[in-house]
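Okay, so here's the structure we're looking at.
The values are calculated or read from the model by the stated rules, or taken from the named source; none is laboratory data. None of these values were measured; they are calculated from a predicted model. Note that each Cβ is placed from the backbone with ideal geometry, even for glycine, and that neighbours are counted across all protein chains shown. These area figures cover heavy atoms from the full protein model, side chains too; ligands, DNA and RNA do not enter into them. Shrake-Rupley method; radii C 1.70, N 1.55, O 1.52, S 1.80 Å.
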Amino acid sequence: MKLFRSFLVLLVAIAACAAGALVVAARSVDPRAWRVAIDVWALNHGLVSVQDGDWHFLKLEAGRYGPKALDDLRRHGATDEVRIAADYVARYYVTAHDMCGDTSCGQETDMHQFQRVPFGSFVQRDLLPGQMVPHDFVIDTANATGGLWCGTPEKPDGCTLRMQDFDGDGQLEVYVERQRRDQSAMDREIYIYARGGDGWRRTQRVAFTDRDAQTFAQRPFALEPGGMDIIRINGGDFHFMSQPGYSFGRATDPHPPQRGFLKVLSAALPQVSVVYPKGASLPRGLAAALSSGTVGFAPRAGNPPLPNPFAGNGPPAIAYPQAPLCVRPSDCRAIVADLDHDGRDEVIVIADPSPGADFPPFRATLLKNDGRTWHVVANVDLCKEIVPDLARATIVIHPSRWRSIRLGRNIYPIGENPYCDNGLGGLE
């Protein structure tokens, strides 16, 4: 039966060739080019179903012609089903001998079982008058939700799709709101999708504190100018920004060892080299503030946060960023820049917890002066696969593309950091 089907496809493809459908393949003497052209033509003209297409050949045996064909089918396939299947094969198709995590996959992908219902087609929608979800968003995100889970068509789970322009370019982004079920300090989150040269992709995620999430109903979001500038290191964009709910002024650190780390940093500071801008000096008074213990720690608190249901009847737990640990000055570097354009330089101290090793990542700590007091504001992991050597890194500072969301008294900057292969990554 399979032989007969292949023979039928070949006959149809020959006819198509006579009609000019295989002009590109005709320029090549490589038989793989001809077979790829035949398979693509047959899929696009319905002679072969998505389930019966020879995806194994296109993904694994067609050489350089295969990826190009899959990309063409993903972008320009004749039907949504073909586009979604080609995208899935390009991303996930595996054989029994491929590695799925730390173990072999055990079996090859069975496309006869392929049934894909894009989440964008079944989640609840709440659109303003005149708004319409682009059809290519539904198709482009069918296999790549960006870590978002919205249940199944039979049982959707807590997601609502909306649209708003978050970067001020006049084009609407699509965002999906999701209510978290883990009773954590961040009760709701939104996933923002933007259209780029490779179609629609999830670009940002923003989480909201409990108290602000209760006033979540205002639509569209009130937006304000973007937060701190972005630091691009070797092409990777890292956001050093105050987290929502941070309160400057009276914050103290409940962990005395952190104060000791600041004194260690104070002693090491004169020998810490500034990697950006080259030749710059650290702000005057920083070393004295670190040594005196007057540096504050910006608490990650809500407005205020709701009581933690797992913490009994006591006050809700408040987390703090960690002080940089520079035991040896040679293991630390610094960046000095006015990231929020308030006329005062911020300092980013970058420590290497394991010099010479790929793991763990560099730990970068933002120190900010509010005009009276220095504060430890945020920790960010700098992935060593992106930044293997700080001394030789290419560093560029540029404005954030995104505006900030205001809910109540809190401002939520839109920004997400790369996740490291050998670490937790992201903003803490």
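Listing for the model above:
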item	result
In the stretch 163-176, the residues that are in contact with a strand residue (DSSP E or B) (Cβ under 9 Å, 6 or more places away or on another chain) and surrounded by fewer than 16 Cβ atoms within 10 Å (Cβ to Cβ)	D165, G168, Q171
Selection count where residues are open to solvent by less than 40 Å² (accessible area, probe 1.4 Å) and in contact (Cβ under 8 Å) with a residue 40 or more places away in the chain, scope the stretch 139-162	12
The stretch 398-416, subset assigned to a loop (DSSP other than H, G, I, E, B) and among the charged types (D, E, K, R), residue nearest to the chain's Cα centre (by Cα)	E416
Considering residues of the stretch 107-137 that are small (G, A, S) and surrounded by 11 or more Cβ atoms within 10 Å (Cβ to Cβ) only, the residue farthest from E154 (Cα to Cα)	G120
Selection within the stretch 264-276 - touching a residue at least 60 places away in the same chain (Cβ under 8 Å) and either on the phi > 0 side of the Ramachandran plot or open to solvent by 40 Å² or more (accessible area, probe 1.4 Å) (or both)	V264, S273, Y276
Hits in the stretch 208-226 (condition: among the small types (G, A, S) and either assigned to a loop (DSSP other than H, G, I, E, B) or at pLDDT 80 or above (or both))	A217, A222, G226
Number of positions in the stretch 25-45 that are outside any helix (DSSP H, G or I), open to solvent by less than 60 Å² (accessible area, probe 1.4 Å) and modelled with pLDDT of 95 or more	0
Qualifying residue in the stretch 115-125 (condition: β-branched (V, I, T), at negative phi and out of contact with any strand residue (DSSP E or B) (no Cβ under 6 Å at 6 or more places or on another chain))	yes
Tally, over the stretch 55-94, of residues that are open to solvent by 20 Å² or more (accessible area, probe 1.4 Å) and part of a helix (DSSP H, G or I)	19
Residue within the stretch 347-360 that is within 30 Å of G101 (Cα to Cα), of a type outside the set (A, V, I, L, M, F, W, C) and open to solvent by less than 10 Å² (accessible area, probe 1.4 Å) present	no
Among (1) assigned to a loop (DSSP other than H, G, I, E, B); (2) open to solvent by 50 Å² or more (accessible area, probe 1.4 Å); (3) in contact with a helix residue (DSSP H, G or I) (Cβ under 8 Å, 6 or more places away or on another chain) - the single one R201 does not satisfy	(1)
Where Q179 falls short, out of the listed (1) in contact with a Gly (Cβ under 6 Å, 6 or more places away or on another chain); (2) crowded, with 19+ Cβ neighbours inside 10 Å	(2)
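Table: residues versus (1) within 25 Å of L262 (Cα to Cα); (2) assigned to a loop (DSSP other than H, G, I, E, B).
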| position | (1), (2) |
| --- | --- |
| A323 | yes, yes |
| H341 | no, yes |
| R344 | yes, yes |
| T365 | yes, no |
| I386 | no, yes |
| V396 | no, no |
